[in-house]
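Colleague: Can you read through this structure? Questions will come right after.
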Amino acid sequence: MQTITLLSLLAVGLLMRAEARLPTVVDGQALPSLAPVLEKVTPAVVNINTKSVQYVRSRQSDFYSWFYGLPSTPRERVTQSLGSGVIVNAIKGYILTNHHVVNDADDISVVLADGRTYSAVLIGSDEGTDVAVIQIQAKDLVALPLADSDRLRVGDFVVAVGNPFGLGQTVTSGIVSALGRTSLSGLNYQNFIQTDASINPGNSGGALIDLNGELIGINTAIFSPSGGNVGIGFAIPSSLADRIMQQLIEFGTVRRGSLGVSVQDVTEQLANALSLNRNRGALVTAVDPGSPADRAGLQAGDVVININDSQIINAQQFLNYEGLLELERENTIRYVRNGRERDVDARITEADRREINGEELHPLLDGAVMTNLPFEFRDNFSGALISEIKRGSPAAKLGLRVNDLITSVDKKEVDGIKQLLDKMEKADKTPVLNIYRNRRNYLLLLEE
């Protein structure tokens, strides 16, 4: 027994010694390691902590306040969240992260890889693409260079760096599983990189890098029945994140344009009727007069199959790509009419924006986003639709809500955001808006 025990101890000792001295060369070839790349990358990936303060009222306390004539004092509820970010400009301290990481945060703090902690300010955030830019004032920062994510191929090796579950900086590796994913629910404009590199809650806003140590994506979402990683993660391509970031830095928001069309899926029956080889593309059902699509010559019945060399499979994919088109750029649209493919160029100008921010109209409307009504509602309604309201903003304090419809300014009717801009520019110093909500009209005086 003693001999066996001694031999066992010797074996364990040898194993431990072997594990402590992993070979660096096998058959004359050096073992590959990500360590040299990660030594340059990890200082640029940060942890982000946010705090949000909300005031809630208790029905019971409200009753006693009313009964005894006491002032009603709402209770303060503080919520905290964790995420990740990537330093992309070391001189100015710009950090790329996700919109959902910093959305509605009252306090944002950034913890660097070396342990330093800084307060951050929000430069801009875009819910549609889930991209946000924050900024810190710090010295000796390390930034990641951005790779051209348009050159990625399925099968390329990638590495994810972030802060899963608040554990601290963590590195995982995998490959590019798919490109151009657009099937996630809850996100408006999608063109995701899919990867099997482990991504978990807390990784949001972290870096997806290539083997050169360059940023190819911002980790943003996972597909998981359980909430944990199952090998299906998604990242915003760096090329898209960079374009959104430039607009957020310059304007504080993303200026999106609209081609001015309504579309639907192409069914097998429609494909046969329209002499299409297969049932793919987005069928144009209506065209706004004077819109970029109208100026380019598109008509109802055309089937859009390609935008800027990107295939359009269905109506949802068309809407995704349309939402990513930039202003003042030529966009090549390929469509099918009468069984023949054609190409046209469409330029979306400043006047063709699909949404405007309230502060462009009036200081009291700051925090609201207005957009045109969807085509399906225009037969019965007319006006500019409020699609977003930021919590605690001047617009929210006015009592405005999402889905309110602005139908007139100073009794002059409005049929969309172009007219709304025009009417507000010509309005009195204290314009009166007509707000349609729940089948009732309300007058709102914009008086500071």
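Colleague: Report every pair of residues separated by at least 6 positions or lying on different chains whose Cβ atoms are under 7 Å apart, first residue within region 117-146 and within 24 Å of E39 (Cα to Cα), second of a type in the set (K, R).
Modeller: Q135/K92; A138/R116
Colleague: From the list V344, V336, V369, V409, pick out the single residue that is in the same structural domain as A300 (by TED's automatic domain parsing) and crowded, with 19+ Cβ neighbours inside 10 Å.
Modeller: V336
Colleague: Oh, and also: Consider G392 carefully, then state whether it is of a type outside the set (D, E) and more than 30 Å from V303 (Cα to Cα). Even if it seems obvious, please write down each step before you answer.
Modeller: Numbers: of a type outside the set (D, E): yes; more than 30 Å from V303 (Cα to Cα): yes.
Taking the combined requirement at face value, the residue satisfies it.
Colleague: Looking at S84, S109, S119 in this structure, which one is in a strand (DSSP E or B), closer than 30 Å to Q316 by Cα and modelled with pLDDT of 90 or more?
Modeller: One residue alone meets the criteria, S84.
Colleague: Give me the residue from region 401-446 that is under 17 Å from G367 (Cβ atoms) and part of a loop (DSSP other than H, G, I, E, B) and, out of that set, farthest from the chain's Cα centre (by Cα).
Modeller: Among them, the one singled out is L446.
Colleague: Scan region 310-323 residue by residue and report those that are surrounded by 22 or more Cβ atoms within 10 Å (Cβ to Cβ) and either assigned to a loop (DSSP other than H, G, I, E, B) or at pLDDT 85 or above (or both).
Modeller: Those that are surrounded by 22 or more Cβ atoms within 10 Å (Cβ to Cβ) and either assigned to a loop (DSSP other than H, G, I, E, B) or at pLDDT 85 or above (or both): I312, F318, E322.
Colleague: Among the residues in region 417-425, are any surrounded by fewer than 20 Cβ atoms within 10 Å (Cβ to Cβ), charged (D, E, K, R), under 23 Å from D379 (Cβ atoms) and touching a residue at least 24 places away in the same chain (Cβ under 8 Å)?
Modeller: Yes: one or more hits.
Colleague: Residues in region 147-169 that are buried (at least 19 other Cβ atoms within 10 Å of the Cβ) and either assigned to a strand (DSSP E or B) or on the phi > 0 side of the Ramachandran plot (or both): how many?
Modeller: 5
Colleague: Could you say which residue among D379, D404, D428 is modelled with pLDDT of 90 or more, outside the structural domain of S291 (by TED's automatic domain parsing) and of a type in the set (D, E)?
Modeller: Checking each option against the conditions leaves just D404.
Colleague: Filter region 375-391 down to the residues that are free of Cβ contacts under 8 Å to residues at least 40 places away in the same chain, of a type outside the set (K, R) and surrounded by fewer than 18 Cβ atoms within 10 Å (Cβ to Cβ), then identify the one that is nearest to L446 (Cα to Cα).
Modeller: Restricting to residues being free of Cβ contacts under 8 Å to residues at least 40 places away in the same chain, of a type outside the set (K, R) and surrounded by fewer than 18 Cβ atoms within 10 Å (Cβ to Cβ), the top hit is S387.
Colleague: What number of residues within region 358-375 satisfy the criterion of being more than 19 Å from E322 (Cα to Cα) and of a type outside the set (A, V, I, L, M)?
Modeller: Residues of region 358-375 that are more than 19 Å from E322 (Cα to Cα), as a first pass: 358-368.
So of that shortlist, the ones also of a type outside the set (A, V, I, L, M) come out as 358-360, 362-363, 366-367.
Selection size over region 358-375: 7.
The values are calculated or read from the model by the stated rules, or taken from the named source; none is laboratory data. Since this is a predicted model, take the numbers as computed values, not measurements. No Cβ is skipped: glycine too gets one built from the backbone with ideal geometry, and neighbour counts run over all protein chains shown.
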